[in-house]
Amino acid sequence: MKKALTVLLGIIFTLLLVAQESEKTKEVGLTFYSLSNFGMTFKYGTETSLWRLNSLLINGSNQNYDLDSSSRNRNSLSFDIKFGKEFRKGIKDNFEFKYGFDIALRYSKNKNETDDNSVGSFDRFYKSLLFEPGINAIIGFDCLIKDNLVLGAEYLPGINYVFGYNSRTRFDGDEPYEVKEDISGIRYGLQSGAALISLSYRF
């Protein structure tokens with residue numbers, strides 16, 4: 001997986017260098033996914049054709065719970081990185097229609113550890129790790145709301161290949177017992193949560 005990620009980042013970096021030779025328009029801003037998660041966006045190119053790089057923090061948490069007979073720690077992290085091409089067509093005044101595609105990679109990790117302080121001492125440990133490379137379409141609109149401030153909205157229907165694992169370990173005294181499940185499959189379609197809102201500065 002590390003080799004695949006290195007190759008993907010190398011391709012993106014090369015395309016960035018090539019595209020800079022003809023860049024005329026740039027945008028940098030914040031993105032909001034499902035109105036509760038955020039990220040950053042950077043675009044460059046011409047007025048009608050731009051390269052785009054989006055990073056999006058989907059979820060992150062670190063929580064601890066202390067009970068009378070046990071303590072629990074939950075840790076999770078999930079993020080997206082997308083690189084693609086966006087085309088724009090003016091509709092009316094400061095309103096634009098945009099379409100294109102992204103190459104995407106999602107990473108998610110979850111840990112849940114329980115320390116049992118009772119006589120039986122049944123400690124438990126859960127871990128999951130998932131990678132989701134894929135491709136998505138871009139369908140949306142931009143509105144220039146003030147000077148160079150751009151408000152954007154887009155839907156991202158796509159298809160992802162999911163692979164990774166779930167691991168559950170239980171400690172009965174000193175003896176660990178682990179069950180590991182390999183995960184693989186395909187996700188596709190347009191979901192209601194696939195809407196992305198952006199607020200960018202164009203220069």
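The values are calculated or read from the model by the stated rules, or taken from the named source; none is laboratory data. No experiment lies behind these values; they were computed from the predicted model shown. Don't worry about glycine lacking a Cβ; one is built from the backbone with ideal geometry, like all the others, and counts go over all protein chains shown.
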Go through ILE58, ILE103 for me and flag whichever is at pLDDT below 85 and under 29 Å from LEU149 (Cα atoms). ILE58
Residue in region 180-198 that is at pLDDT 90 or above and crowded, with 16+ Cβ neighbours inside 10 Å present: yes
Out of (1) of a type outside the set (A, V, I, L, M); (2) within 26 Å of GLY134 (Cβ to Cβ); (3) at pLDDT below 90; (4) surrounded by 14 or more Cβ atoms within 10 Å (Cβ to Cβ), the one GLU86 does not meet is (3)
What is the number of the single condition among (1) modelled with pLDDT of 70 or more; (2) among the charged types (D, E, K, R); (3) assigned to a helix (DSSP H, G or I) that LYS3 does not meet? (1)
Conditions: (1) of a type in the set (Phe, Trp, Tyr); (2) in contact with a Cys (Cβ under 9 Å, 6 or more places away or on another chain); (3) closer than 17 Å to THR31 by Cα. PHE95 meets all but one. Number of the miss? (3)
Qualifying residues in region 144-179 (those that are within 30 Å of MET40 (Cβ to Cβ) and among the polar types (S, T, N, Q)) - the one surrounded by the most Cβ atoms within 10 Å (Cβ to Cβ): ASN160
Residues in region 119-137: is at least one at pLDDT 90 or above, loosely packed, with under 13 Cβ neighbours inside 10 Å and in contact with a strand residue (DSSP E or B) (Cβ under 7 Å, 6 or more places away or on another chain)? no
